[in-house]
Amino acid sequence: MKNGVDEEKYCDSVISELEELIEKICRIPAPSHHEQARAEFCRKWFEENGCSAYTDDALNVICPVADDGIGDLVVFSAHTDTVFPDLAAMPFEKDEKLMYSPSVGDDTACLAILMLCARYFIQNGAKPKNGILFVANSCEEGLGNLKGIRKIMETYGKRVKAHYSLDSTYRHVVDRCVGSYRYEITVETEGGHSFSGFGKANAIHIASTLIAKLYETQVPKFGDSITTYNVGTIAGGTSVNTIAQSCSFKYEYRSDNYMCMDVMKEKLIRVLASAPENCRVSTKLLGERPCMKGVDEKTQKEMSRMCRQIQEKYSGLPCDTVAGSTDCNIPLSMGIPAVAIGVFDGGGEHTREEYIERESLPRGMRIAMEIIGSYFED
Ligand SMILES: [Zn+2]
């Protein structure tokens, strides 16, 4: 690995293999909580390529390097799950410039690059400065509620000193996190016939009143914090001539500041407590992504700066730092420095028209090799 010459050669030599690997993984459906087939593909691939790996009960595939069971660890991860509910094989197409497939960029290209980097360092017997975990993790997307990375942090958290999630285009580094709480709120009441029961309590009316009050909320502000809220769906009632007995709606709030999250929670509790006595209001927590808390600012800034600089160096494009909701939310909420980095260029994430630029892949390989390589001895 003198002066990165071998890495350069390796990056150039694996591009067609990388494209094939991306295609194979893209075709395997992997909705959050149903990543079995993708996880099994990745585990087998690691084994066949001389990298020992195991699958935990959250469907994370973990390939440890020089893990002595006690010392510090650095985690490099990319997620296997997608936002698409399909359980049948997924479509994949490519032309001269682009590769198209739902999940091709988010997060398949990142995952395939991670796998090929892991193989390089393991096959060459490179010595890491600390223990390393290469992880193909489950459940990053909405409904997955970060189950995979939560499990990793539960198993290894106290020993993890840094986490890099490969999960972006190389135009961004996500170095702050947006936390979110998502609820389903259900109002139930007596209801009745719309004519003979007129005047009885109506669950739709009560839910609407609560929603109106939620929308009177002034979002809290600490420094340059950003806080938002939304009611995304509403459902209820029986028929046009029935006073509704039940109505549910889904509500979320997000913030990049944990104090704002606490204020939003108090406001929600206050609004729900204002419902009239002749109804029952129940709340189901659908998802919880915590905010950053207690992270060493200097280390966090240094990781972000290094990744930005390497991404710019190989992409030739400016790279900015943004706040986002990613696997990094979990380590960041535990005081562990974490950034989501980018190793491709493309667009349309979370749509069936998602694509990546083929010529971004060699650049992405070099970005990942250099960032991961910085944790190995020369
Ligand atoms: Zn993603």
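The values are calculated or read from the model by the stated rules, or taken from the named source; none is laboratory data. Bear in mind that the values here come from a model prediction, so they are computed numbers and not experimental data. With ideal geometry, Cβ positions are generated from the backbone for all residues, glycine too; neighbour counts draw on all protein chains shown. The protein model used for the area step is the full one, side chains on, heavy atoms only, and it has no ligands, DNA or RNA in it. Shrake-Rupley method; radii C 1.70, N 1.55, O 1.52, S 1.80 Å.
Looking only at region 176-191, filter to residues that are in a strand (DSSP E or B) and in contact with a Gly (Cβ under 9 Å, 6 or more places away or on another chain); which one of those is most open to solvent (accessible area, probe 1.4 Å)? Break it down stepwise before answering.
Residues of region 176-191 in a strand (DSSP E or B): 176-177, 179-189.
Filter once more, so that each one left must be in contact with a Gly (Cβ under 9 Å, 6 or more places away or on another chain): 176-177, 180-183, 186-187.
On the way: 176: 97, 177: 2, 180: 3, 181: 41, 182: 58, 183: 18, 186: 25, 187: 0 Å².
Within region 176-191, the match that is most open to solvent (accessible area, probe 1.4 Å) is 176.
With respect to residue 201, determine if the residue is outside the structural domain of residue 142 (by TED's automatic domain parsing), surrounded by 15 or more Cβ atoms within 10 Å (Cβ to Cβ), assigned to a loop (DSSP other than H, G, I, E, B) and of a type in the set (A, V, I, L, M, F, W, C).
Numbers: outside the structural domain of residue 142 (by TED's automatic domain parsing): yes; surrounded by 15 or more Cβ atoms within 10 Å (Cβ to Cβ): yes; assigned to a loop (DSSP other than H, G, I, E, B): yes; of a type in the set (A, V, I, L, M, F, W, C): yes.
Yes.
Any residue that is aliphatic (A, V, I, L, M), within 24 Å of residue 346 (Cα to Cα), assigned to a loop (DSSP other than H, G, I, E, B) and within 16 Å of the ligand (Cβ to nearest atom) - is there at least one of those in region 66-79? Quick ask: steps written out before the conclusion?
So the first thing to find is which residues in region 66-79 are aliphatic (A, V, I, L, M), and the list is 66, 70, 73-75, 78.
Adding the requirement that they be within 24 Å of residue 346 (Cα to Cα) leaves 78.
Subsequent filtering for residues that are assigned to a loop (DSSP other than H, G, I, E, B) retains none.
No: zero hits.
So, residue 103, is that one modelled with pLDDT of 95 or more, touching a strand residue (DSSP E or B) at 6+ places or on another chain (Cβ under 6 Å), within 17 Å of residue 339 (Cβ to Cβ) and not aromatic (Phe, Trp, Tyr) or not?
On the way: modelled with pLDDT of 95 or more: yes; touching a strand residue (DSSP E or B) at 6+ places or on another chain (Cβ under 6 Å): yes; within 17 Å of residue 339 (Cβ to Cβ): no; not aromatic (Phe, Trp, Tyr): yes.
No, not satisfied.
If only one of 258, 229 is at pLDDT 95 or above and either under 27 Å from the mean Cα position of the chain (by Cα) or hydrophobic (A, V, I, L, M, F, W, C) (or both), which one is it? Break it down into steps so the answer makes sense when it comes.
Numbers: 258 fails: at pLDDT 95 or above.
Step by step, each of 258, 229 is checked, and only 229 is at pLDDT 95 or above and either under 27 Å from the mean Cα position of the chain (by Cα) or hydrophobic (A, V, I, L, M, F, W, C) (or both).
With the requirement that a residue be more than 14 Å from the chain's Cα centre (by Cα) and of a type in the set (Asp, Glu), what does region 139-182 give you?
Correct list: 154 only.
If residue 266 satisfies every condition in (1) open to solvent by less than 60 Å² (accessible area, probe 1.4 Å); (2) outside any loop (DSSP other than H, G, I, E, B) but one, which is the exception?
The one condition residue 266 does not meet is (1).
Of all residues in region 235-248 being among the hydrophobic types (A, V, I, L, M, F, W, C) and crowded, with 16+ Cβ neighbours inside 10 Å, which is nearest to residue 183 (Cα to Cα)?
If we filter region 235-248 for residues that are among the hydrophobic types (A, V, I, L, M, F, W, C), which is where we start, we get 235, 240, 243-244, 247.
When the remaining residues are screened for being crowded, with 16+ Cβ neighbours inside 10 Å, the result is 243-244, 247.
On the way: 243: 25, 244: 21, 247: 14 Å.
Filtering region 235-248 for residues that are among the hydrophobic types (A, V, I, L, M, F, W, C) and crowded, with 16+ Cβ neighbours inside 10 Å, the one nearest to residue 183 (Cα to Cα) comes out as 247.
Select from region 173-182 the residues that are in contact with a helix residue (DSSP H, G or I) (Cβ under 8 Å, 6 or more places away or on another chain) and within 12 Å of the ligand (Cβ to nearest atom) and list them in ascending order.
none
Does region 9-31 hold any residues that are closer than 25 Å to residue 132 by Cα and assigned to a loop (DSSP other than H, G, I, E, B), and which are they?
14
Of everything in region 269-304, what is open to solvent by 50 Å² or more (accessible area, probe 1.4 Å), under 29 Å from residue 319 (Cα atoms) and either basic (Lys, Arg) or free of Cβ contacts under 8 Å to residues at least 60 places away in the same chain (or both)? Give them in sequence order.
293, 294, 296, 297, 298, 301, 302
So which residues in region 204-218 are open to solvent by less than 60 Å² (accessible area, probe 1.4 Å) and in a loop (DSSP other than H, G, I, E, B)?
217
Do we have any residue at all in region 145-161 that's touching a residue at least 40 places away in the same chain (Cβ under 8 Å), of a type in the set (Gly, Ala, Ser) and within 15 Å of the ligand (Cβ to nearest atom)? Steps first, answer last, please.
Narrowing region 145-161 to residues touching a residue at least 40 places away in the same chain (Cβ under 8 Å): 145-153, 155-157, 159-161.
Then drop every residue that is not of a type in the set (Gly, Ala, Ser), which leaves 148, 157.
So of that shortlist, the ones also within 15 Å of the ligand (Cβ to nearest atom) come out as 148.
Yes, there is a match, as at least one residue in region 145-161 is touching a residue at least 40 places away in the same chain (Cβ under 8 Å), of a type in the set (Gly, Ala, Ser) and within 15 Å of the ligand (Cβ to nearest atom).
Regarding residue 58, is this residue within 16 Å of the ligand (Cβ to nearest atom), closer than 23 Å to residue 340 by Cα and assigned by TED's automatic domain parsing to the domain that holds residue 154?
Working: within 16 Å of the ligand (Cβ to nearest atom): no; closer than 23 Å to residue 340 by Cα: yes; assigned by TED's automatic domain parsing to the domain that holds residue 154: yes.
Considered against the rule, which asks whether it is within 16 Å of the ligand (Cβ to nearest atom), closer than 23 Å to residue 340 by Cα and assigned by TED's automatic domain parsing to the domain that holds residue 154, residue 58 comes out as no.
Can you tell me how many residues within region 69-86 are exposed (fewer than 11 other Cβ atoms within 10 Å of the Cβ) and more than 30 Å from residue 131 (Cβ to Cβ)?
Keep residues of region 69-86 that are exposed (fewer than 11 other Cβ atoms within 10 Å of the Cβ), which gives 69-70, 85.
Still in the list and also more than 30 Å from residue 131 (Cβ to Cβ): 85.
Adding up the residues that qualify gives 1.
Return yes when residue 160 is at pLDDT 95 or above and buried (at least 20 other Cβ atoms within 10 Å of the Cβ) and no when it is not. Break it down into steps so the answer makes sense when it comes.
Numbers: at pLDDT 95 or above: yes; buried (at least 20 other Cβ atoms within 10 Å of the Cβ): yes.
It is true that residue 160 is at pLDDT 95 or above and buried (at least 20 other Cβ atoms within 10 Å of the Cβ).
Looking at region 51-63, is at least one residue exposed (fewer than 15 other Cβ atoms within 10 Å of the Cβ) and part of a loop (DSSP other than H, G, I, E, B)? Can you show your working first?
At the first step, the residues of region 51-63 found to be exposed (fewer than 15 other Cβ atoms within 10 Å of the Cβ) are 52, 54, 57.
With the extra rule that they be part of a loop (DSSP other than H, G, I, E, B), the set shrinks to 52, 57.
Within region 51-63, one or more residues are exposed (fewer than 15 other Cβ atoms within 10 Å of the Cβ) and part of a loop (DSSP other than H, G, I, E, B).
Here's the yes/no breakdown for (1) farther than 28 Å from residue 6 by Cα; (2) in a helix (DSSP H, G or I):
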{"position": "34", "(1), (2)": "yes, no"}
{"position": "40", "(1), (2)": "yes, yes"}
{"position": "47", "(1), (2)": "no, yes"}
{"position": "84", "(1), (2)": "yes, no"}
{"position": "90", "(1), (2)": "yes, no"}
{"position": "107", "(1), (2)": "no, yes"}
{"position": "120", "(1), (2)": "no, yes"}
{"position": "133", "(1), (2)": "no, no"}
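Taking the criterion of being among the aromatic types (Phe, Trp, Tyr), within 30 Å of residue 142 (Cα to Cα) and open to solvent by 40 Å² or more (accessible area, probe 1.4 Å), would at least one residue in region 226-234 satisfy it?
Step one: filter region 226-234 for residues among the aromatic types (Phe, Trp, Tyr), giving 229.
Still in the running and within 30 Å of residue 142 (Cα to Cα): 229.
Still in the list and also open to solvent by 40 Å² or more (accessible area, probe 1.4 Å): 229.
Yes, there is a match, as at least one residue in region 226-234 is among the aromatic types (Phe, Trp, Tyr), within 30 Å of residue 142 (Cα to Cα) and open to solvent by 40 Å² or more (accessible area, probe 1.4 Å).
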